[in-house]
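Participant: Pasting a structure here, questions to come.
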Amino acid sequence: MAGLYLHIPFCRSKCIYCGFYSVANLRQKEAFLTALKKEILLRRAYLAGQPVRTLYFGGGTPSLLTGDEIADILQTLTDTFPVERDAEITLEANPEQLTPDYCRTLHDLGINRLSIGVQSFQDAVLRFMGRRHTAAQALEAVRNAAAAGIDNLSIDLIYGVAERPDDQWAEDIETALSMPIRHLSCYALTPEENSILYKQIQRRTHAPVDDEQAARQYGQLCRRLQQTPFRHYEVSNFAVEGYESRHNSAYWDHTPYLGLGPEAHSFNGQSRQWNPANLGQYLHNIEEGIHFEEQEMLDDTALYNETLLLSLRTRKGLDLPYIQSRFGAERIQQLLHYFHHSVNPSFYEEEAGRLRLTESGLWFADGIAGDAFEL
Ligand code: SF4
């Protein structure tokens, strides 16, 4: 089984917190689409004929593509790779593009999952973040998508925003729960190094992010969602049973995937390759038939560390018999010794061959995994 990821590197403007690569104009959209189709053919052997179970249009803003452009890409992909008939096909979309017509077009093209960048239902917070939509547009977008028959809907929200106190965050959670969604991704506001917010904090025109507020609002979120059908299945992700993101779950399970477009990464089980985070350089590389910009071979230690990090971020946790058979009994002994002696017992549980973080432990997942890394 394998996955396909397409990075669509265009946005109308840059949101202040965003660290993903995109350009804030559409001038090279046509050249990009031509290159993307070339790249699909260039990389056709990468997945060695494995069936493709998930297809993900990320970015950037994939909803800036027209229906015809998406249809053309899908046709090239299905002509080139064995995409399964019931593959999960996700498209990231911004609310302002999700008109009733566009949603129907996406549905008719076979897009069966939308990940909608709502971020907040408060206009002041949206303006602060540099989002182009209003709260009313976000509500309308979700309803339009549901009315078009796309039943697997996810929205993204951001918490830990100084401009939104806890009571307003609680309102945002309630509004999200009143929507016809099956999946919720919630991220703490993080000033990524190449983001506008990062520069504002450096220049002291914005206060640093308040970690205590973020932790408190994460707790609010977890407690409220415990009273709903949403299950917390990864640090930042909650889903009604059966609606967990297949694409992301495969990534966390180390399933091979091919990433296409600028900044996209690929993974084949032993090594990782990536494209330049630069549209001009990407277009040049594809023109020259260059498969990727850089590559990293993952040795046993790197794969082990990644397995720890990715698995501990999920509620499924670590599969101890798998770790033992894949990485050796000595590592299991060291790992269990670390947990039993250095990790707060309320942060993890061991059951039926699995070691998983509890809901309170998940907040510290990256630190707990990092301390267990083999150097
Ligand atoms: S958050 Fe989304 S819409 Fe905003 S700049 Fe980043 S990729 Fe573009």
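Participant: Considering only the range 17-30, state which residues are more than 9 Å from the ligand (Cβ to nearest atom) and surrounded by 15 or more Cβ atoms within 10 Å (Cβ to Cβ).
Facilitator: Passing the criteria: V23, Q28, K29.
Participant: Sticking with this structure for a sec: Taking the condition within 19 Å of the chain's Cα centre (by Cα), farther than 25 Å from F327 by Cα and either buried (at least 16 other Cβ atoms within 10 Å of the Cβ) or assigned by TED's automatic domain parsing to the domain that holds R44 (or both), does S245 pass?
Facilitator: yes
Participant: Restricting to the range 116-137, count the residues that are in contact with a Gly (Cβ under 9 Å, 6 or more places away or on another chain) and surrounded by 23 or more Cβ atoms within 10 Å (Cβ to Cβ).
Facilitator: Adding up the residues that qualify gives 1.
Participant: Same structure, new question: How many of the residues making up the range 31-59 are within 16 Å of the ligand (Cβ to nearest atom) and within 18 Å of N285 (Cβ to Cβ)?
Facilitator: Counting residues in the range 31-59 that are within 16 Å of the ligand (Cβ to nearest atom) and within 18 Å of N285 (Cβ to Cβ) gives 1.
Participant: Ok, one more. Tell me which residues, restricted to the range 1-16, are of a type in the set (G, A, S) and within 16 Å of the ligand (Cβ to nearest atom).
Facilitator: S13
Participant: Just to verify a result, which residue in the range 157-181, among those that are among the charged types (D, E, K, R) and surrounded by 20 or more Cβ atoms within 10 Å (Cβ to Cβ), is nearest to the chain's Cα centre (by Cα)?
Facilitator: Selected residue: D172.
Participant: Working only within the range 14-36, note down all residues that are in contact (Cβ under 8 Å) with a residue 24 or more places away in the chain and part of a helix (DSSP H, G or I).
Facilitator: K29, A31, F32, L33, A35, L36
Participant: Also: Go through the range 4-13 and report how many residues are in a loop (DSSP other than H, G, I, E, B) and within 30 Å of A48 (Cβ to Cβ).
Facilitator: Count: 1.
Participant: Scanning for something in contact with a helix residue (DSSP H, G or I) (Cβ under 8 Å, 6 or more places away or on another chain) and closer than 19 Å to T255 by Cα, does the range 342-363 turn up at least one residue?
Facilitator: Checked the range 342-363: no residue is in contact with a helix residue (DSSP H, G or I) (Cβ under 8 Å, 6 or more places away or on another chain) and closer than 19 Å to T255 by Cα.
Participant: In addition: For A93, indicate whether it is under 26 Å from S195 (Cα atoms), within 16 Å of the ligand (Cβ to nearest atom) and in contact with a strand residue (DSSP E or B) (Cβ under 7 Å, 6 or more places away or on another chain).
Facilitator: Judged against the criteria, A93 is a match.
Participant: Scan the range 126-148 for residues that are more than 14 Å from the ligand (Cβ to nearest atom) and either in contact with a Ser or Thr (Cβ under 8 Å, 6 or more places away or on another chain) or among the hydrophobic types (A, V, I, L, M, F, W, C) (or both) and jot them down.
Facilitator: A135, A136, L139, V142, N144, A145, A146, A147, A148
The values are calculated or read from the model by the stated rules, or taken from the named source; none is laboratory data. These numbers come from a predicted model, not from an experiment. Cβ: placed from backbone, ideal geometry, glycine included. Neighbour counts: every protein chain shown.
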